[in-house]
1. Residue check, residue 56 against (1) surrounded by 13 or more Cβ atoms within 10 Å (Cβ to Cβ); (2) free of Cβ contacts under 8 Å to residues at least 40 places away in the same chain; (3) within 22 Å of residue 16 (Cα to Cα), all met but one. Which one?
2. The conditions are (1) of a type in the set (D, E, K, R); (2) in contact with a strand residue (DSSP E or B) (Cβ under 7 Å, 6 or more places away or on another chain); (3) free of Cβ contacts under 8 Å to residues at least 40 places away in the same chain, and residue 32 fails exactly one of them. Which is it?
3. Given the options 83, 20, 89, 74, name the one that is surrounded by 14 or more Cβ atoms within 10 Å (Cβ to Cβ) and farther than 18 Å from residue 117 by Cβ.
4. Taking the stated definitions as given, is residue 56 modelled with pLDDT of 95 or more and among the aliphatic types (A, V, I, L, M)?
Amino acid sequence: MSTELLGLRTVIYPAPNLEAAKSYWAKFLGQDPYFDQPFYVGFDVAGYELGLLPDADPNDGALTYWGVDNVAQALTDAVNLGASIHSPATEVGDSIVTGSARLADGTVLGFIYNPHFKLG
């Protein structure tokens, strides 16, 4: 396999009730989100992303994104090992690319390329 995992970067929680989830996490974290839109809410937690996604399927649970240099290649590697595409490689803004694969056991494996991420 040619994909190197660069470390954890992001966790996304399904948030069918985005306002309630945003309120909960703002109180829990003691901070407001740095990004707050109807399609996504993001908190910076010690340099890592905690995201709330209203369109995510709660049955998939929280989605963890591993940092990679090339999301499309990581998805290809995952598929070659028996996974299927859950979400194709997509530029989501600000040169950030995400994608995910569903493994044979049903779990979802996320990949992210974020040129702005810096280890603290």
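The values are calculated or read from the model by the stated rules, or taken from the named source; none is laboratory data. It should be emphasised that the depicted structure is a prediction, and the values quoted were computed from it without experimental measurement. FYI the Cβ positions are ideal-geometry reconstructions off the backbone, even for glycines, and counts take in every protein chain you see.
1. Residue 56 satisfies all of (1) surrounded by 13 or more Cβ atoms within 10 Å (Cβ to Cβ); (2) free of Cβ contacts under 8 Å to residues at least 40 places away in the same chain; (3) within 22 Å of residue 16 (Cα to Cα) except (2).
2. The failed condition is (2).
3. Values: 20 fails: surrounded by 14 or more Cβ atoms within 10 Å (Cβ to Cβ); 89 fails: farther than 18 Å from residue 117 by Cβ; 74 fails: farther than 18 Å from residue 117 by Cβ.
Just a single option satisfies the conditions, and that option is 83.
4. Details: modelled with pLDDT of 95 or more: no; among the aliphatic types (A, V, I, L, M): yes.
Taking the combined requirement at face value, the residue does not satisfy it.
Each row is one residue, and each column tells you yes or no for (1) of a type in the set (Ser, Thr, Tyr); (2) within 16 Å of the chain's Cα centre (by Cα); (3) under 15 Å from residue 6 (Cα atoms).
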site: 23; (1), (2), (3): yes, no, no
site: 28; (1), (2), (3): no, no, no
site: 71; (1), (2), (3): no, yes, yes
site: 91; (1), (2), (3): no, yes, no
site: 98; (1), (2), (3): yes, yes, yes
site: 108; (1), (2), (3): no, yes, no
